[in-house]
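Read through the structure below, which is laid out as structure tokens, and then see the notes.
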Amino acid sequence: MAATDYTPEHQLFRETVRKFVEEELRPRAREFDEMGRIDKSLFKKMGELGMLGLRYDPKYGGAGLDWSYSAVMFEELGRSDNAGVTMGISVQTDMATPSLAQFGDEELKQKYLVPAIAGEMVAAIAVTEPDAGSDVAGIKTRAVRDGDDWVINGSKTYITNAATADWLCLLVVTDPDAGYGGYSQIVLPTDLPGIRYELLDKIGNLGSDTGLFYFDNVRVPVANTIGDIGRGFQQQMMQFQDERLVACVSSMAGSEHLWQETRRWAEERRLFGKPLSKMQNTQFKMVELWTLINAAKELTRACVEKRVAGEDATELITMAKLFCGRVSRQVADECIQFHGGYGYMKESMAGRAFVDSRLISIGGGSDETMMHYLAKQLGF
Amino acid sequence: MKILVCLKQVPHKDARLEIGSDGTWIKEDGIKFEINDYDNYALEEALRLKDAGEAEVVVATIGPDRVTQSLRTALGMGADRAIHVWDDSLANADSLGIAKVLAAVAKEENFDVVFCGLMSDDSNYAMVGPMLAQLLDIPHVTAVVKTDFENGAVKVEKELEGGTLEVSQVPLPCLLAVQTGINEVRYASLKGIMQAKKKPLDKKALSDIGLDGAAVAPKLSIEKIYTPPKGEGANLLSGSADEIATQMVGKIKELGLL
Ligand SMILES: Cc1cc2nc3c(=O)[nH]c(=O)nc-3n(C[C@H](O)[C@H](O)[C@H](O)COP(=O)(O)OP(=O)(O)OC[C@H]3O[C@@H](n4cnc5c(N)ncnc54)[C@H](O)[C@@H]3O)c2cc1C
């Protein structure tokens, strides 16, 4: 822990987030599972604490800090005992808002970024469609210009924060003949006529509301376009970098937490006259997992440091996303084994981690998408 | 209004405590510390006065270097400045020694209210507050659960045995030793944390406040701390859940706890 506590301020911020997690999130973790979402009023509280705009311009209510603070926050949020809730928060801070903050014009930022940072509005990122996920360029949702409006038709699926969101950062096709220059990002308020959603029933990450959106002739001002028309694809690729790095930080915090809880379990669980932790098999496996977790954390830290230094970290983040996804799955799988039958119960942390961690290798770009990119980078 | 809040840093409630080699205190290295819980409520009470109008909130603590972290937290929560007093001779200070140091700090300025926690989570003496009030020659109330400031006085509710409350009207300046749970303690917001960087944190030696090691020499020393041996006094109940519950209620009544 505390890999990124560079200054006393980092430490104090960690204390604040930890307290928030211990008092507001962890005690209600199973309640959020039952609700299938986080209590929306907590966004307001996080906004007041400054948690929702760490890297954004103070002009919009942000703190103007760097990625090291984001790392501190997600190292702590990763211990909330509810991966779904952590994901919902990270969608707000690092998946749905970075493009708006970086490319949006003043008016759009005042209208949608300021309330998102204050926690008064919740945002979602809408890229994936029923027929296009990994192949982002294959999306079909179409925005056709009609005067000063876009008219939008299509659908988006697996959208996190579906029920809670006040607006979507929506990726659409604006010119089907323009190749990679034919996509745009639009801020789409969810209360517009013609928008409908249904919630999806997931196997894990139960504390987040994942949904399928339908858009039927939805009219939204062209002024809601984030950045230039036709730059949506490129902007979204940049936005993915934050999403992936957050997944690395929070998944490793979760794995570390699970490892610690499993160790406690192994020390207390007795069989054949001694604690489970005294068996060499347990010790070797636990040490192996600890090594993997630390390797993944160090790789993640290297990504964070590159981001703090303002360097391009795409390649390293891609490797980290691939590695952390696999490590978190392995940790969960082996930790279930130490718990025996109890590990298979829904109430066990290991059991939940087993299904929750499975997402890391799929969401935000699958392992294969990461490898596809890396293979290209390495000249295959 | 000028308010002094006395804070103590104590071992974190989740810390795994072990008794030190000389058997008179716990091992302090390697464990985490935090602000004494009672003091959090005292600080929050002071910060609410600040929010309500004109008040300067000064926090003071005594302890080795590690306590600056707690002072920074207090500044991050909204206190205006911090005073940190330390001298190696204070390592074994007793309640009176601590009260003397705090009194010397308080006498350097004219505080209208001194807030402290009812007791500390680690040593539980509950003596520093009343002693400090005596040394400053001001009235005090302990176990404070409600405050109402008006026209140079404060109406205070104090918790008595069995849930009874005592109400008193206390003129300022005064000292209030606060019970936990009396308010909802705020978090240090990121903005507060960043502003705290620029707030003054004065480090003072005993000589800076007109004291020396002899003046604070402890009159009380701890002979030994230990974990009570297992097995004594335990009363194992057996039977079905219902039977155990009935026996338990009987026992509670027998002990006069109900
Ligand atoms: C719980 C959850 C929350 C989500 N939240 C959001 C959200 O908020 N917003 C959003 O837009 N999306 C979200 N998603 C969608 C997620 O990003 C996609 O599921 C993911 O990108 C994969 O897309 P797909 O499901 O269409 O799978 P497909 O693209 O159909 O891929 C299927 C499989 O094909 C394989 N594959 C992919 N590419 C290659 C390749 N190049 N070479 C070889 N094999 C390959 C992989 O094994 C992949 O898993 C979420 C998904 C889940 C499950």
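Some points to look at:
- By a 1.4 Å probe calculation restricted to protein chains, A:TRP265 has an accessible surface near 60 Å², given to the nearest 10.
- The translational diffusion coefficient of chain A, from Stokes-Einstein at 10 °C and 1.306 mPa s with a Kirkwood hydrodynamic radius over alpha carbon pairs, comes to 75 µm²/s.
- Computed E for B:ILE26/B:LEU258 - FRET, C-beta separation, R0 45 angstrom, nearest 0.05: 0.80
- Extent along the principal axes, Cα only, for the range A:123-230: 41, 28, 22 Å, with the longest axis given first.
- Peptides B:156-163, A:234-241 ranked from most to least packed give A:234-241, B:156-163, packing being the mean of other C-beta atoms within 10 angstrom over each peptide's residues.
- Helices assigned as whole DSSP H runs in chain A whose Cα atoms extend at least 20 Å along their own long axis and whose mean Kyte-Doolittle hydropathy is 0.0 or higher are found at A:314-339.
- Size of charge dipole - chain A - debye, nearest 20, with Cβ of Lys, Arg +1 and Asp, Glu -1, no other charges: 1140
- With a simple spin-label model that places each label point 7 Å from the Cα along the Cα-to-Cβ direction, the separation between A:GLU48 and B:THR164 comes to 3.7 nm.
- More than 34 Å apart - percent of Cα-Cα pairs taken over the protein assembly as shown: 54
- Column: log10 I(q)/I(0), Debye, Cα scatterers of the range B:219-258, q = 0.24, 0.28 Å⁻¹: -0.87, -0.97
- Here the range B:2-216 is treated with +1 on each Lys and Arg Cβ and -1 on each Asp and Glu Cβ, and its dipole about the Cα centre works out to around 660 debye.
- Count Lys and Arg as plus one, Asp and Glu as minus one, and take only other residues whose Cβ is under 10 Å from that of B:GLY210; the net charge is then -2.
- Modelled label positions at B:ARG16 and A:GLN102, each set 7 Å beyond Cα in the direction of Cβ, lie 4.3 nm from each other.
- Expressed to the nearest 5 percent, the antiparallel share of DSSP beta bridges inside the protein assembly as shown is 60 percent.
- Charged neighbours of A:MET252, selected by a Cβ distance under 14 Å, balance to +2 (K, R count +1; D, E count -1).
- Of the peptides A:41-48, A:306-313, the ranking by mean beta-carbon count within 10 Å, highest at the top, reads A:41-48, A:306-313.
- For the residues of A:14-25, the average number of beta carbons from a partner chain within 10 Å of their own beta carbon is 3.
- Cβ-derived FRET efficiency at R0 35 Å, A:TYR6 paired with A:ARG145, nearest 0.05: 0.15
- Within chain B, all pairs of alpha-carbon atoms sorted by distance into 5 Å bins from zero give the percentages 1, 6, 11, 15, 17, 14, 12, 9, 6, 4, 3, 1, 0, 0.
- Shape box of the range A:234-377 [Cα atoms, principal axes, largest first, Å]: 59, 27, 24
- Using the Cβ-Cβ distance between A:LEU200 and B:ARG66 with R0 set to 56 Å, the FRET efficiency works out to roughly 0.70.
- Chain A: Cys lacking any partner C-beta under 4.7 angstrom: A:CYS169, A:CYS303, A:CYS335
- Between A:THR16, A:THR164, A:THR97, the residue with the greatest mean-square fluctuation in the GNM of chain A (Cα pairs under 10 Å linked by springs) is A:THR16.
- With the charge dipole of the protein assembly as shown set up from +1 on Lys and Arg Cβ and -1 on Asp and Glu Cβ about the Cα centre, the Cα lying farthest toward the positive end among the listed residues A:VAL220, A:ILE38, A:VAL136 is that of A:VAL136.
- Around the amide H of B:LYS203, modelled in the peptide plane, lie the amide H atoms of B:HIS84, all under 5 Å away and 5 or more residues distant in sequence or on another chain.
- Shape analysis of the range A:3-118 yields a ratio of the Cα radius of gyration to the Kirkwood radius, Rg/Rh, of 0.97.
- Computed helical MRE - 222 nm, the protein assembly as shown, DSSP H runs ≥ 4 contributing -39500 (n - 2.57), nearest 500: -12000 deg cm²/dmol
The values are calculated or read from the model by the stated rules, or taken from the named source; none is laboratory data. This one's a predicted model, so the numbers in the text were calculated from it and none came from an experiment. Every residue, glycine as well, gets a Cβ built from its backbone with ideal geometry; the counts of neighbours run over all protein chains shown. Note: accessible area is taken over every heavy atom of the protein model, side chains too, but ligands, DNA and RNA are not part of it. Shrake-Rupley method; radii C 1.70, N 1.55, O 1.52, S 1.80 Å.
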